[in-house]
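**Student:** The following block contains the structure, expressed as structure tokens.
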Amino acid sequence: MRTVRLLALFTAAAAVLATTACGGDDDPAPAPARTGAAATATTAPTAAAAGGDGTLSYDAVAKLASDRLTKDPNCPIGKWDDNSTGLDDEFRADGVFFKQFDCYKTTDELLPNRIQQVLFVEFKTPEHAAAYADKQASLYPSLVAGTKVVVAGRGLETIDMKAFLAEAQQSAGGAGRIVG
């Protein structure tokens, strides 16, 4: 009988701990990833941050990339993917959300024609975001705004990627800085 009570007590305690670990209104220190555009890496961010409210949102950048980059003849079809190979090992543990925009010439292609034309990454802290943007800027222009970074590739000849980043910055109400 004592074993049954201990098992019941243990089960109840585990349920309370599991509920508390999932977060809630009384969570003492919520992580930045639990709010805003990148609540989780497995669900699409909401469009709530789009529209120039001072927050860089994945939805706004995704729409902009689809609208602009698919005008290039080497990118008639663009797709967003969550393959995080574009996130260096030194930054991977700090990334909480990652998407990359790849270009395809036809819908039947299994491999992209141009990979990683745009990266959208959210980090745990603004310091990690700034370090990542600065490192990427040695090769690719980047926009960093708070914990979010947009890295623009250079594989499309007809697209001015710095102008693309400036448009992304405008979609965020001018938030952030362009480096590179």
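**Student:** May I have the extent of the alpha carbons of the stretch 81-180 along their three principal axes, as whole Å values ordered from largest to smallest?
**Tutor:** So the extents along the principal axes, rounded to whole Å, are 40, 29, 23.
**Student:** Also: Quick check: pseudo-label points 7 Å beyond the Cα along Cα→Cβ at ALA93 and THR107, how many nm apart are they?
**Tutor:** With each label point 7 Å from Cα toward Cβ, the separation is 4.4 nm.
**Student:** When the chain is fully extended, how far beyond the present Cα-Cα distance does THR85 get from GLU157, taking 0.36 nm per residue of separation? Mind dumping the intermediate values first?
**Tutor:** Details: separation 72, 0.36 × 72 = 25.92 nm, distance 2.35 nm.
Roughly 23.6 nm would be gained on extension.
**Student:** Another one. Over 20 Å between Cα atoms: which of LYS124/LYS162; LYS71/LYS162; LYS79/LYS124; LYS79/LYS135; LYS99/LYS135; LYS105/LYS135 fall into that group?
**Tutor:** Values: LYS124/LYS162 25 Å; LYS71/LYS162 16 Å; LYS79/LYS124 25 Å; LYS79/LYS135 25 Å; LYS99/LYS135 18 Å; LYS105/LYS135 30 Å.
Among LYS124/LYS162; LYS71/LYS162; LYS79/LYS124; LYS79/LYS135; LYS99/LYS135; LYS105/LYS135, the Cα-Cα distance tops 20 Å for LYS124/LYS162; LYS79/LYS124; LYS79/LYS135; LYS105/LYS135.
All of the numbers you see were taken from the coordinates with simple rules; none came from a lab. Computed from a predicted structure; not experimentally measured. Methodologically, a virtual Cβ is constructed for each residue, glycine included, from the backbone with ideal geometry; neighbour enumeration extends over all protein chains shown.
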